[in-house]
Amino acid sequence: METVRKLIQIFFTFLTNGYVLFPWTKNIYQGPFKLVCSPGLNCYSCPASITYCPLGSIQQLLLGIRFSFETGSYFFGSYVFGTIGIIGSLTGRLTCGWLCPFGLLQELLYKIPSWRKFRTAKPLKYIKYFMLVFFVIVFPLILTDQWGMGKPWFCKFVCPAGTLEAGFPMLALQPDLRATVGLLFYNKLFWMFLFLFWSVFSCRFFCKTTCPLGAFYGLFNKISFLQLHLNEENCTDCGACFQVCPMEIQFNKNVNSAECILCMRCMNEACKFDAISLKCAGLPLSQIASKKSIRNQTS
């Protein structure tokens with residue numbers, strides 16, 4: 001199953017970054033697929049990207065909302081909010097574990113041998129909620145200039161995916177942009193290198209501590225249609241699930257934690273006692289499959 005997950009991650013990375021003509025156009029793709037909301041963290045300004053990032057879209061909506069009201073224009077991002085809301089309510093944080101390109105990169109970096117691997121201090125895991133509330137929502141909405149326009153705070157000052165996917169490629173494709181490089185870009189370089197470097201020592205460090213999109217999806221983990229289920233009678237509290245979990249969760253101690261990315265390594269690799277199963281809308285997937293089989297036989 002882990003091999004299948006990696007193949008899906010790689011496939012989706014190339015699917016959402018499938019504009020192969022960017023070395024010749026030297027610009028950002030602006031075709032019809034740019035109207036599609038990517039479920040994972042994938043920068044709009046990446047020259048290979050054919051989709052847009054939900055976090056960037058939310059910030060762009062909020063940073064201009066005061067100006068819109070003053071000019072008599074009223075917008076509500078029902079499409080982007082609806083898209084990520086549906087994804088979250090159906091699958092929780094599964095997107096982080098199966099579809100996010102930046103999550104894949106962090107997992108690959110963690111495979112690099114190092115003298116020691118570190119666990120992430122629990123208080124650091126709350127930073128992503130601060131980022132979601134303030135950098136994605138509050139700051140773009142209330143910290144505005146004289147014309148009532150805000151800034152995309154998370155994208156502009158923090159996002160390492162944007163620096164890696166858009167900053168470097170656009171500087172390479174458009175040399176004239178290099179004259180604009182200043183402290184802002186060096187600030188983002190610092191955060192990018194910090195997250196990528198520490199991903200070698202701590203698996204998915206950015207996901208665990210800072211990603212606002214993961215924080216949002218995690219809010220749905222306990223109510224989503226797709227969930228992992230604990231059979232307490234079979235659980236021996238051996239802790240094997242904790243040993244393989246990239247998000248450092250002991251599943252039987254925190255069922256469907258907001259940190260869980262549904263990679264299912266606990267179920268497929270660790271648990272030897274069938275204590276963990278996958279359910280959809282409260283029904284085990286094996287039971288759903290058997291009901292479907294029965295209907296097909298009787299029809």
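The values are calculated or read from the model by the stated rules, or taken from the named source; none is laboratory data. A quick note: this is a predicted structure, and the numbers were derived from the prediction, not measured. When we count neighbours, we look across all protein chains shown, and the Cβ atoms used for this are built from the backbone with ideal geometry, even at glycine. Only protein heavy atoms, including side chains, enter the accessible area calculation; ligands, DNA and RNA are left aside. Shrake-Rupley method; radii C 1.70, N 1.55, O 1.52, S 1.80 Å.
A 1.4 Å probe run over the protein chains yields, for the stretch 110-156, 68 Å² of accessible area per residue, whole-number rounding.
To the nearest whole percent, what portion of all C-alpha pairs in the chain is separated by more than 27 angstrom? Distances greater than 27 Å cover 47 percent of the Cα pairs. A run of the chain free of exposed loop cleavage sites, with trypsin sites (Lys or Arg not before Pro) counted only in DSSP states other than H, G, I, E and B and at most 15 other beta carbons within 10 Å, reaches its longest extent at 120-221. Taking every protein chain into account, the accessible area of the stretch 179-263 amounts to 45 square angstrom per residue (probe 1.4 Å).
The residue list PHE102, TRP198, LEU173 was ranked by how far each Cα lies along the charge dipole of the chain toward its positive end, using unit charges on Cβ atoms, and TRP198 comes out on top. Taking the Cα atoms of the stretch 30-184, the ratio Rg/Rh between the radius of gyration and the Kirkwood radius comes to 0.99. Compactness of the stretch 117-254 was expressed as the Cα radius of gyration divided by 2.2 N^0.38 Å, which yields 1.34. The accessible surface of the chain, taken with every protein chain in place and a 1.4 Å probe, is 68 percent carbon and sulfur. Among the protein heavy atoms, those of THR16 account for about 10 Å² of accessible surface (1.4 Å probe, every chain in place). Spatially, the stretch 1-53 and the stretch 184-261 are offset by 23 Å when compared through their Cα centroids.
For the set LYS34/LYS122; LYS26/LYS122; LYS34/LYS156; LYS156/LYS279; LYS122/LYS279, the pairs lying more than 32 angstrom apart at their alpha carbons are LYS34/LYS122; LYS26/LYS122; LYS156/LYS279. Here the stretch 93-239 is assigned +1 on the Cβ of each Lys and Arg and -1 on the Cβ of each Asp and Glu. Its dipole about the Cα centre then comes out at about 340 debye. Between ARG116 and VAL20, the modelled label-to-label distance comes to 4.6 nm, taking each label 7 Å out from Cα in the direction of the beta carbon. Solvent-accessible surface of protein heavy atoms, probed at 1.4 angstrom with all chains present, puts VAL36, VAL200 in the order VAL36, VAL200, largest first. Our compactness index for the stretch 204-273, the C-alpha radius of gyration over the empirical 2.2 N^0.38 Å, is 1.10.
Taking every full run of DSSP H in the chain, the ones that stretch at least 15 Å from end to end by Cα along their long axis and average 0.5 or higher on the Kyte-Doolittle scale are 2-16, 78-91, 183-199. Once C-alpha pairs closer than 8 Å and six or more residues apart are averaged by separation and normalised to the residue number of the chain, the relative contact order reads 21 percent. Using only side-chain charges placed at the Cβ, +1 for Lys and Arg and -1 for Asp and Glu, the dipole size of the stretch 135-218 relative to its Cα centre rounds to 200 debye. Placing +1 on the Cβ of every Lys and Arg and -1 on the Cβ of every Asp and Glu, with no other charges, gives the chain a dipole of roughly 240 debye about its Cα centre. Quarter the surface of the alpha carbon convex hull of the stretch 68-152 and you get the mean projected area, 8.6 square nanometres.
Loop-located chymotrypsin sites (Phe, Trp or Tyr not before Pro) across the stretch 116-181 with a Cβ neighbour count of 12 or fewer within 10 Å are PHE118, TRP147, with loop assigned by DSSP.
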